[in-house]
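For reference, the structure discussed in these notes is given below.
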Amino acid sequence: MRCRLCSAEPVHNSLCKRHFLKDFEKRVAWTISRYGLIVKDDRVLVASSGGKDSTTASYILSRHAKVDLISIDEGIKGYRDKTLADLKRYSKEHGLNLKIYSFKNEFGLTLDQIIKKTKWKPCSVCGTLRRYLLNRKAKGYTKIATGHNMDDEAQSILMNYLRNSLEISARLGPMTGIHRNVFVQRIKPLYFCTEKETTIYSYLMGFPVSYNECPYVADAYRAGVRDMLNGLEAEEPGTKKNIVDSFLNLLPRLKSEFGKGDISTCGCGEPSRNRACNTCLLIREMKSFL
Amino acid sequence: MRVYIEREEKGLSLEFRGTAGSLLKRLKINPETVIVVRDDALIPLETRLKSGDDLKILSVISGG
């Protein structure tokens, strides 16, 4: 068994290590170029968890633009402390500037404490507070890059469909958000790379990342959709790509149907579709537990 | 051969003839969710396994 492009041993999809890495990087470069993810003079902040996806995204993006790293420490005992240690090591080794902000310092409670006191759904609370902090701390940057991969996107598309929430899907895609003073655009350079391919890239590159899972993920509806999609992909390879491709054909129509709503500004200065943003509503409720 | 399944934090010792892909099938592990490593080198699912192999099955699902 040989690589389809040379005589070396293959590692995945009939490609050897060198050709797999090259193919992966080429696909990311194509995504950046095809969707205009990075333009001249962009200042990119990579939302980094210390996991394989955001580490891979920051490594490849740093060849295309000036990047800094930002990480949010939600306060998940036994998980985030480990990934943050990996991230600090990676940023030091690659000379990348890293800033870390914590829920504890910013909101007064860790995610573990919030969940214990409120019984709220962890992924929903975490997502809302993380998005808020990322946008708030990204002032001065033109783009926030995330490590979302094709699996993440296919899951989101399917979840929104199953929940009859197409208006939320209108906010998906390789580049999202309206670049105004209040909102920093999000870009997803790994949009066409699967979770497995990203794991392989990270493993072959020897990034100091741990391949463990957030302990709260088992609570999420997403985990069920993920398992279902992985089952379908094993039976019918290309399923995830087909979901994403057909969604991209539909996206302009979704944007025209649902993307017209005005975004106002909450009293905290962050964008919101209502008078108060979701984070301010959460913080108000959290204060009763402090 | 010895097999370590990372997600279950479980080590196995077993007799098996076949490819890495057929081993995953026998262990009821979806190949989409893992990578297979032999002596610290990544191997494709089509690789024929040998009796003395030392394998690790690493989960690709992570993050948050």
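Of note:
- Test set (1) out of contact with any strand residue (DSSP E or B) (no Cβ under 7 Å at 6 or more places or on another chain); (2) more than 18 Å from A:T176 (Cα to Cα) - A:R34 fails condition number: (2)
- The set of residues in segment A:81-106 being open to solvent by less than 20 Å² (accessible area, probe 1.4 Å) and among the charged types (D, E, K, R) consists of A:D86 alone.
- Residue count for segment A:267-286, restricted to those that are surrounded by 11 or more Cβ atoms within 10 Å (Cβ to Cβ), assigned to a helix (DSSP H, G or I) and without any contact (Cβ under 8 Å) to a residue 24 or more places away in the chain: 2
- Selection within segment A:63-80: residues that are away from chain B (no Cβ under 11 Å) and in contact with a Leu (Cβ under 7 Å, 6 or more places away or on another chain). The member of this set that is most open to solvent (accessible area, probe 1.4 Å) is A:D73.
- Segment A:45-82, residues that are in contact (Cβ under 8 Å) with a residue 60 or more places away in the chain and at positive phi: A:G50, A:G78
- Selection count where residues are facing chain B (nearest Cβ under 7 Å), of a type in the set (S, T, Y) and in a helix (DSSP H, G or I), scope segment A:195-213: 2
- Any hit, segment A:214-223, residues being in contact with a Lys or Arg (Cβ under 8 Å, 6 or more places away or on another chain), within 14 Å of chain B (Cβ to nearest Cβ) and open to solvent by 50 Å² or more (accessible area, probe 1.4 Å): yes
- Within segment A:237-257, considering residues that are open to solvent by 80 Å² or more (accessible area, probe 1.4 Å) and in contact (Cβ under 8 Å) with a residue 24 or more places away in the chain, the one nearest to the chain's Cα centre (by Cα): A:K241
- Annotation: A:K119 fulfils all but one of (1) without any contact (Cβ under 8 Å) to a residue 12 or more places away in the chain; (2) open to solvent by less than 20 Å² (accessible area, probe 1.4 Å); the unmet one is (2).
- Single match in A:I38, A:I32 (criterion: modelled with pLDDT of 95 or more and open to solvent by 20 Å² or more (accessible area, probe 1.4 Å)): A:I38
- Only one of the listed residues (B:I5, B:I43, B:I57, B:I29) is within 11 Å of chain A (Cβ to nearest Cβ), in contact with a strand residue (DSSP E or B) (Cβ under 6 Å, 6 or more places away or on another chain) and either modelled with pLDDT of 95 or more or open to solvent by less than 40 Å² (accessible area, probe 1.4 Å) (or both). That residue is B:I43.
- Given (1) touching a helix residue (DSSP H, G or I) at 6+ places or on another chain (Cβ under 6 Å); (2) within 24 Å of B:V60 (Cα to Cα), number of the condition A:D23 does not satisfy: (1)
- Some residue of segment A:276-289 being of a type in the set (F, W, Y), touching a helix residue (DSSP H, G or I) at 6+ places or on another chain (Cβ under 6 Å) and at pLDDT below 90: yes
- Checking A:K77 against (1) under 19 Å from A:I144 (Cα atoms); (2) part of a loop (DSSP other than H, G, I, E, B), the condition it does not meet: (1)
- Residues being in a loop (DSSP other than H, G, I, E, B) and on the phi > 0 side of the Ramachandran plot - total across segment B:31-64: 3
- A:V182 meets all of the listed conditions (1) away from chain B (no Cβ under 14 Å); (2) at pLDDT 95 or above; (3) open to solvent by 30 Å² or more (accessible area, probe 1.4 Å); (4) under 23 Å from A:P271 (Cα atoms) but one, namely (2).
The values are calculated or read from the model by the stated rules, or taken from the named source; none is laboratory data. Source: prediction; values computed, not measured. For neighbour counting, all protein chains shown are included, and Cβ atoms are generated from backbone atoms with ideal geometry for every residue, glycine included. SASA here: full protein model, heavy atoms, side chains in, ligands and nucleic acids out. Shrake-Rupley method; radii C 1.70, N 1.55, O 1.52, S 1.80 Å.
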